[in-house]
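Here's the structure, in structure tokens; my notes come after.
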Amino acid sequence: MATQKSEFTVPVTEFAAALLGRPEVGPRAQVTAEQVAQMLPGTAVVVYIIEDLDNPAWTRKAIAGEVEVGSTLEFSGGTLGALAENKTLMVFEGADLQREDYAHLDIRRTVTALAYVPLLVDEVLFGAIELVSYEQRFPEAMLEALHQVAELASPALAAARSYESERNASLHSISRVTQMYDLEKVFNSTLEMDELLGIVAKKFQEVMGVQGVNLWMVNNDTLELVRSAGFDPTVELGSAQKPGEGIAGDVSDNGEFVLIDDPADERLQNRNAGHEDAAIFSIIASPLMEHENLVGVVESVNRLDGAPFDEDDQFLLTNICETASNALHNASLLQAERKVEILEALVKVSGEITSTLDLDRVLDAIVNGPSSVIPYERAAIVLEQRGRLRLKAISGTPKINPQDPNVERLQELLEWTSLSKELIFVVQHGDGGDAEVEDGLERGARAIAFAHVDELGVHEVADLDAHDMPPTPAARAGDLLRSTICAMVRAPRGDPRGASFAAAARKRCARMRESRLPAPLPRARGRTLWLRRASRIGRM
């Protein structure tokens, strides 16, 4: 009997030293499992820890021997559930158990016996040691020695868990501080409001780890959705809300934070109507405040991990909103300053216009004055004099030379655009472009081509199809303006010269296609033949 007790004696000094040499839970659990496995050869050992006492579950931390176990197990099921209920050393004979009782064990051998040792600190269960014997029952002396192992392992594992919690909390705090510093730096990297709004929405989505973010800004007495990041089909960009019309509208009314973590909430049900396939199951909304004044609302929908939002998410969103509010305030100050500059420029130009009756001075003030607030390379004005359009003022040019080739091209361009009563706006970015630019050019060209047909008394329209377009959108748009022409002739209806004018226009168009140069505006016996770039007639 004395020999048996000596066989199961725990080497306290070595075991304690091994535990102290490893500060984390995993290594200490592994030392414990190996120490127990050495006491009875052929025994498999698993050490579990309960990481969250409020939402308990068995988390595997160490394994020794021939056994496989999942990383996380149900707290109240099977033999482990019995231990959780009794909190005392428990031994089960294999013959007395059903396979479902220890279904959490992935084993290929017959189980002779199972033993469970609770790990307690101040009568609170925070872990367990599971023993699986394939060859023999557990000797009584070994079971007594397990109490000694538990007495040493329990405080060591509890201390390691506290150490990891504090360390993780510190690392999390450092990570949050770093995130806030990065956000502060990114948000204050620009003072352009349009650019800043996009950055705010994108960064909110990244930091929060959510499916979508909506940024609503105050517009008079309503909220307008000005930017969004991610995916949220329940609202559309540009939509507006008033108090009582939605979650963001309610936040704008009372200025209070909203957290909804129940998919059955009436507010979510109303918002998800018609979008059941991509429904929102959780949402948080926070006001954007500037010196106690509401400037907007931020919504975050659906965490990417599938969990509902909690108080930690609320705390994070609140802090981010404070950072974003400061950046938006600075951008608004720049906007206000620009408005003041624009007003000053308008007052200056208006003063110069009203201070003289000299037409040249008035035109010069119009083309040069706005350059203080609107950066542009050139501004020009043409006026109709004696039935013809004449170039009267060019910014930065005190005296206009009509024979200058640049002036001639500008004269032709302005004559061409003068036939449209609508604003013509064309944008080209570098040598490339995009579909939006191409579509805008096409719409503008069509509008120019078909404006004032009735007013001009046009009766002859020559439609010339475009040749093969270049592959890039910008090149296609440019070719669209050069390769298709409507020749509109100011002549009495039935006059045969109208057809000849149209034929001349076709020839000019053909030469223009070959040279890739803009077609000039021809004249014929006092009557103007207007060459107007546009897309194919009849599909307007």
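The values are calculated or read from the model by the stated rules, or taken from the named source; none is laboratory data. The shown structure was predicted, so the numbers you read here are calculated from the model rather than taken from an experiment. Neighbour counts are summed over all protein chains in view; Cβ atoms, including those assigned to glycine, are modelled from backbone coordinates with ideal geometry.
Mind telling me which of the residues Glu74, Glu68, Glu93 ends up being modelled with pLDDT under 90, surrounded by fewer than 18 Cβ atoms within 10 Å (Cβ to Cβ), farther than 14 Å from Leu125 by Cβ and of a type in the set (D, E, K, R)? From the options Glu74, Glu68, Glu93, the qualifying one is Glu74.
In the range 188-272, counting only helices (runs of 4 or more DSSP H) that sit wholly within it, the ones holding 2 or more residues that are buried (at least 16 other Cβ atoms within 10 Å of the Cβ) and in contact with a Leu (Cβ under 7 Å, 6 or more places away or on another chain) span 193-208, 247-254.
From the list Pro243, Pro287, the one residue that fits, being more than 22 Å from Lys202 (Cβ to Cβ) and either touching a helix residue (DSSP H, G or I) at 6+ places or on another chain (Cβ under 7 Å) or among the small types (Gly, Ala, Ser) (or both), is Pro243. In the range 330-351, is there at least one residue being under 26 Å from Leu225 (Cα atoms), surrounded by 12 or more Cβ atoms within 10 Å (Cβ to Cβ), in contact with a helix residue (DSSP H, G or I) (Cβ under 9 Å, 6 or more places away or on another chain) and of a type in the set (A, V, I, L, M, F, W, C)? There is at least one residue in the range 330-351 that is under 26 Å from Leu225 (Cα atoms), surrounded by 12 or more Cβ atoms within 10 Å (Cβ to Cβ), in contact with a helix residue (DSSP H, G or I) (Cβ under 9 Å, 6 or more places away or on another chain) and of a type in the set (A, V, I, L, M, F, W, C). Applying the condition of being outside any helix (DSSP H, G or I) and of a type in the set (A, V, I, L, M, F, W, C) to the range 307-323 and asking which residue is nearest to Glu184 (Cα to Cα) yields Phe309. Would you confirm, using the coordinates I've provided, whether Gln35 is touching a residue at least 40 places away in the same chain (Cβ under 8 Å), of a type outside the set (Lys, Arg), within 22 Å of Ala156 (Cα to Cα) and part of a helix (DSSP H, G or I)? So Gln35 passes the test. Only one entry in Thr354, Thr318 is under 19 Å from the mean Cα position of the chain (by Cα) and among the β-branched types (Val, Ile, Thr), namely Thr318.
On the stretch given as the range 306-321, residues that are of a type in the set (Asp, Glu) and surrounded by 13 or more Cβ atoms within 10 Å (Cβ to Cβ) total 2.
Please determine whether any residue of the range 176-186 is closer than 28 Å to Gly26 by Cβ, in a helix (DSSP H, G or I) and not β-branched (Val, Ile, Thr).
First, pick out the residues of the range 176-186 that are closer than 28 Å to Gly26 by Cβ: 176-179.
From what's left, in a helix (DSSP H, G or I): 176-179.
Subsequent filtering for residues that are not β-branched (Val, Ile, Thr) retains 176, 179.
Yes, the range 176-186 contains a residue that is closer than 28 Å to Gly26 by Cβ, in a helix (DSSP H, G or I) and not β-branched (Val, Ile, Thr).
Of all residues in the range 324-351, those that are closer than 16 Å to Leu191 by Cα have Cβ atoms under 9 Å from Cβ atoms of residues that are β-branched (Val, Ile, Thr) and part of a helix (DSSP H, G or I), 6 or more apart or on another chain, in Ala324/Val200; Ala327/Val186; Ala327/Ile199; Ala327/Val200; Leu328/Val200. I'd like the full set of residues that are among the small types (Gly, Ala, Ser), under 30 Å from Glu206 (Cα atoms) and in contact with a Ser or Thr (Cβ under 7 Å, 6 or more places away or on another chain), limited to the range 310-366. None; the set is empty. When Val132 is tested against the conditions (1) at pLDDT 90 or above; (2) of a type in the set (A, V, I, L, M); (3) more than 22 Å from Gly81 (Cα to Cα), the lone failure is (3).
Looking at Val235, Val226, Val218, Val295, which is the one that is closer than 16 Å to Leu197 by Cβ and in contact with a His (Cβ under 9 Å, 6 or more places away or on another chain)?
Val295
Can you find, within the range 365-416, the residue that is farthest from Ser355 (Cα to Cα) among those that are in a helix (DSSP H, G or I) and aliphatic (A, V, I, L, M)? Selected residue: Leu413. Annotation: of all residues in the range 19-59 being within 17 Å of Phe126 (Cβ to Cβ) and of a type in the set (Gly, Ala, Ser), the one that is surrounded by the most Cβ atoms within 10 Å (Cβ to Cβ) is Ala29.
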